[in-house]
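Notes follow the structure.
The values are calculated or read from the model by the stated rules, or taken from the named source; none is laboratory data. Predicted, not measured: the structure shown is a model, and the values here were computed from it. Cβ placement follows ideal geometry from the backbone for every residue including glycine, while neighbour counts extend to all protein chains displayed. Keep in mind that these areas ignore ligands, DNA and RNA; they rest on the heavy atoms of the full protein, side chains included. Shrake-Rupley method; radii C 1.70, N 1.55, O 1.52, S 1.80 Å.
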Amino acid sequence: MKIREKVLIVEDEHSIARFISTILTSHGYESLGAQTGAQAQSLISSWCPDLVILDLGLPDMDGMEILKSLRTWSSLPVVVVSARSHERDKVTALDLGADDYLTKPFGTDELLARVRTAIRHTRTTSQNSEIARTGSYTVDELTIDYNKHQVLLRGENVHLTLSEFRIVALLGKYAGKVLTYDYLIKELWGPRAGNDNQILRVNMANIRRKIEKNPAEPHYIFTEVGVGYRMVESE
Ligand code: CA
């Protein structure tokens, strides 16, 4: 018998909590709800969920506090739920160790995709099991070859600069997850690099020109406005 994955839904708005729980239950997950931060913290320790969906605005505490204290002892995947107007919150949550976020209002497919991705990534020792197994990551017509440091489009080598390759390589390694501008800049240019996004944007424009059919409507790398970039995940 397949063991059902357990998802703790920390959300004080009943309609949203019920919406999430209905979707998850009908897709084979087991779910439990917590309406307050205190309840959430006690259920995390006693119920041992595989994933936490965490609303940031809770009646008794800020969801960010739960995340911060959780990360001192656990790498349990957390998907943060926040309102569209709070982009800064998303960045802060990701930097504090959230695995992903959902923007209210969100749909069924988006919810399921985030949940699947967040759970899957904790299952593998490497962030991306496909890369660990094959040394490459392929999605549609794009292949990132981690051994040869090459990106191929329909089998043809795409000429990328070193920085461009490293950006694509990082996004591929964490495909399906959003990487914040700040994270990418620090990874690429070191901890002392400023948080000027301009150089990153220039690189991304060049990457898209080289790999996307229509750079204005990207197919491989999406912009998460005000937050960062996300590479599409292969099925
Ligand atoms: Ca709330």
Lone qualifier among L32, L56 - being of a type outside the set (S, T, N, Q), more than 15 Å from the ligand (Cβ to nearest atom) and either free of Cβ contacts under 8 Å to residues at least 40 places away in the same chain or surrounded by fewer than 17 Cβ atoms within 10 Å (Cβ to Cβ) (or both)
L32
Hey, E164 open to solvent by 40 Å² or more (accessible area, probe 1.4 Å) and not aliphatic (A, V, I, L, M) or not
no
Filter segment 59-77 for residues that are open to solvent by less than 10 Å² (accessible area, probe 1.4 Å) and within 20 Å of G226 (Cβ to Cβ); which is farthest from the ligand (Cβ to nearest atom)?
L67
I'd like the residue in segment 1-56 that is within 21 Å of the chain's Cα centre (by Cα) and hydroxyl-bearing (S, T, Y) and, out of all such residues, is nearest to R71 (Cα to Cα).
S31
Hey, among the residues in segment 181-196 that are open to solvent by less than 40 Å² (accessible area, probe 1.4 Å), touching a helix residue (DSSP H, G or I) at 6+ places or on another chain (Cβ under 8 Å) and over 23 Å from S129 (Cβ atoms), which one's modelled with the lowest pLDDT?
A193
State which residue is most open to solvent (accessible area, probe 1.4 Å) when the search covers only segment 200-225 and only residues that are closer than 21 Å to V91 by Cα and either out of contact with any Asp or Glu (no Cβ under 8 Å at 6 or more places or on another chain) or in a helix (DSSP H, G or I) (or both).
R201
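Conditions (1) without any contact (Cβ under 8 Å) to a residue 60 or more places away in the chain; (2) not basic (K, R), marked per residue:
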residue: M61; (1), (2): yes, yes
residue: R71; (1), (2): yes, no
residue: A83; (1), (2): yes, yes
residue: H86; (1), (2): yes, yes
residue: T92; (1), (2): yes, yes
residue: Y101; (1), (2): no, yes
residue: K104; (1), (2): no, no
residue: D109; (1), (2): yes, yes
Test result for L171, in a loop (DSSP other than H, G, I, E, B) and crowded, with 19+ Cβ neighbours inside 10 Å:
no
Segment 135-161, subset surrounded by fewer than 18 Cβ atoms within 10 Å (Cβ to Cβ) and polar (S, T, N, Q), residue nearest to the chain's Cα centre (by Cα)
T138
When I44 is evaluated against the numbered criteria (1) open to solvent by 50 Å² or more (accessible area, probe 1.4 Å); (2) at pLDDT below 95, which criterion, by number, is the only one it fails?
(1)
Name the single residue that is surrounded by the most Cβ atoms within 10 Å (Cβ to Cβ) among those in segment 14-29 being within 12 Å of the ligand (Cβ to nearest atom) and farther than 13 Å from L54 by Cβ.
H14
